[in-house]
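Following: one structure in structure tokens, then a few remarks.
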């Protein structure tokens with residue numbers, strides 16, 4: 001990151017290739033659309049580039065990066081909501097059953113697994129379990145306290161436990177672990 | 001189902017490969033490369049917070065120099081020793097919080113709403129302890145003068161603070177607006193405490209304290225207006 005701030009193109013490219021997959025996944029988990037996630041990823045990198053001077057060398061990179069990614073996501077969400085409010089719906093959409101959280105290879109599908117969680121819990125779980133961030137880092141990225149992050153993670157686990165146990169009882173597959 | 005079992009499922013799900021279209025990454029790299037140059041990082045957070053505290057002190061002192069130090073002169077040493085350290089602590093807290101709001105990924109030590117609420121209540125408590133004269137002579141006319149003076153000094157402090165932190169980036173503009181307003185409002189309140197010779201409790205508790213929430217609300221409104229997308 002320090003080299004990127006000094007204008008090193010190789011460092012910038014390495015950073016983009018290294019961090020993009022997890023950021024892209026962060027957006028997919030939130031929106032479940034690869035197209036949206038591609039757009040948001042590009043927008044996030046452009047914003048990161050504009051404000052790269054706000055990163056302080058020695059501080060963890062991920063909270064800084066995710067704080068910006070969250071900002072882009074919230075912005076996108078607001079715009080989408082505003083656009084949706086202007087659209088006139090002709091009839092109610094039929095309710096679609098949630099897909100089973102399993103990929104074709106038997107690996108649990110993270111996006112489907114986290115789909116029933118509220119957005120704030122989803123992002124906390126994604127940062128903790130996929131990006132491997134600490135509670136403190138997640139608190140920094142989400143501008144909240146460690147206690148609040150713990151509470152969201154706890155509630156998310158409660159929901160996941162209920163859902164996964166339910167599937168276990170009804171014989172549903174939960175990523176080949178049941 | 002135990003927590004470790006959920007952990008295991010999430011771990012497996014997280015390990016599943018997640019590729020990004022290489023064309024997207026190339027596009028990002030090309031866009032960044034075209035405008036890549038060295039940038040000067042922001043100064044350390046403590047230096048920025050110190051700068052904000054100095055701005056607030058300078059604005060309050062400048063206002064009092066112009067209008068007179070009647071407030072601080074007519075208070076006892078003990079009363080001054082209670083009032084100004086409380087204002088100083090609040091200014092330091094607000095300055096640190098403002099710097100945190102302008103640097104993505106900073107640790108949030110105190111939530112903007114909490115800072116505003118606790119700060120206002122703290123000031124009210126200090127004023128209630130210090131001022132026991134419950135007269136209401138020229139309550140509105142004198143109050144409006146103080147409120148206007150406080151707000152004008154807060155505007156000056158707010159503008160100077162924004163200039164200092166203009167290179168920052170607020171990921172939550174509303175929160176940054178509230179904190180910036182709180183800080184600017186505190187500069188206005190400090191100026192009033194240095195200057196205002198009216199020690200009637202209702203006057204101080206309403207018109208002086210009101211500067212802070214009014215500035216915070218203005219900060220939030222300005223942030224909202226600035227971030228509203230153009231049609």
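The values are calculated or read from the model by the stated rules, or taken from the named source; none is laboratory data. Predicted model, so just to flag it, every value in this text is computed and none were measured. Reconstructed Cβ throughout: ideal geometry from the backbone, glycine too, with neighbour counts over all protein chains shown.
The table for this structure:
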{"item": "Some residue of segment B:128-135 being touching a helix residue (DSSP H, G or I) at 6+ places or on another chain (Cβ under 6 Å) and either assigned to a helix (DSSP H, G or I) or not assigned by TED's automatic domain parsing to the domain that holds residue B:195 (or both)", "result": "yes"}
{"item": "Selection status of residue A:72, over 13 Å from the mean Cα position of the chain (by Cα), more than 7 Å from chain B (Cβ to nearest Cβ) and surrounded by 21 or more Cβ atoms within 10 Å (Cβ to Cβ)", "result": "no"}
{"item": "Scope segment B:5-35; condition surrounded by fewer than 20 Cβ atoms within 10 Å (Cβ to Cβ) and either under 36 Å from the mean Cα position of the chain (by Cα) or touching a residue at least 24 places away in the same chain (Cβ under 8 Å) (or both); matching residues", "result": "B:31, B:35"}
{"item": "Residue in segment A:54-64 that is outside the structural domain of residue A:144 (by TED's automatic domain parsing), crowded, with 18+ Cβ neighbours inside 10 Å, closer than 23 Å to residue B:22 by Cβ and free of Cβ contacts under 8 Å to residues at least 12 places away in the same chain present", "result": "no"}
{"item": "Scope segment A:134-151; condition more than 14 Å from the chain's Cα centre (by Cα) and either crowded, with 22+ Cβ neighbours inside 10 Å or in a helix (DSSP H, G or I) (or both); matching residues", "result": "A:135, A:136, A:137, A:139, A:140, A:143, A:146, A:147, A:148, A:149, A:150, A:151"}
{"item": "Filtered residues of segment B:93-109 (kept if surrounded by fewer than 18 Cβ atoms within 10 Å (Cβ to Cβ) and either in contact with a helix residue (DSSP H, G or I) (Cβ under 6 Å, 6 or more places away or on another chain) or under 21 Å from residue B:166 (Cβ atoms) (or both))", "result": "B:107"}
{"item": "When residues of segment A:44-53 are limited to those that are surrounded by fewer than 19 Cβ atoms within 10 Å (Cβ to Cβ) and more than 7 Å from chain B (Cβ to nearest Cβ), the one nearest to residue A:28 (Cα to Cα)", "result": "A:47"}
{"item": "Residue ID - nearest to the chain's Cα centre (by Cα), chosen from residues in segment B:36-86 that are in a helix (DSSP H, G or I) and within 14 Å of chain A (Cβ to nearest Cβ)", "result": "B:49"}
{"item": "Matching entry among A:13, A:44 (being in a helix (DSSP H, G or I) and more than 14 Å from the chain's Cα centre (by Cα))", "result": "A:13"}
{"item": "Residues satisfying the stated conditions in segment A:140-163, i.e. in contact (Cβ under 8 Å) with a residue 60 or more places away in the chain and at negative phi", "result": "A:140, A:141, A:142"}
{"item": "Lone unmet requirement of (1) under 24 Å from residue A:38 (Cβ atoms); (2) modelled with pLDDT under 85 for residue B:3", "result": "(1)"}
{"item": "Search result, residues across segment A:13-30 that are without any contact (Cβ under 8 Å) to a residue 12 or more places away in the chain and either in contact with a helix residue (DSSP H, G or I) (Cβ under 9 Å, 6 or more places away or on another chain) or more than 7 Å from every other protein chain (Cβ to nearest Cβ) (or both)", "result": "A:13, A:14, A:17, A:18"}
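Rundown of residues vs (1) surrounded by fewer than 20 Cβ atoms within 10 Å (Cβ to Cβ); (2) assigned to a helix (DSSP H, G or I), yes/no style:
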| position | (1), (2) |
| --- | --- |
| B:113 | yes, yes |
| B:119 | no, yes |
| B:122 | yes, yes |
| B:137 | yes, no |
| B:141 | yes, yes |
| B:145 | yes, yes |
| B:151 | yes, yes |
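Let's see how each residue does on (1) outside any helix (DSSP H, G or I); (2) modelled with pLDDT under 90:
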site	(1), (2)
A:116	yes, yes
A:132	yes, yes
A:155	no, no
A:158	no, no
A:167	no, yes
A:172	yes, yes
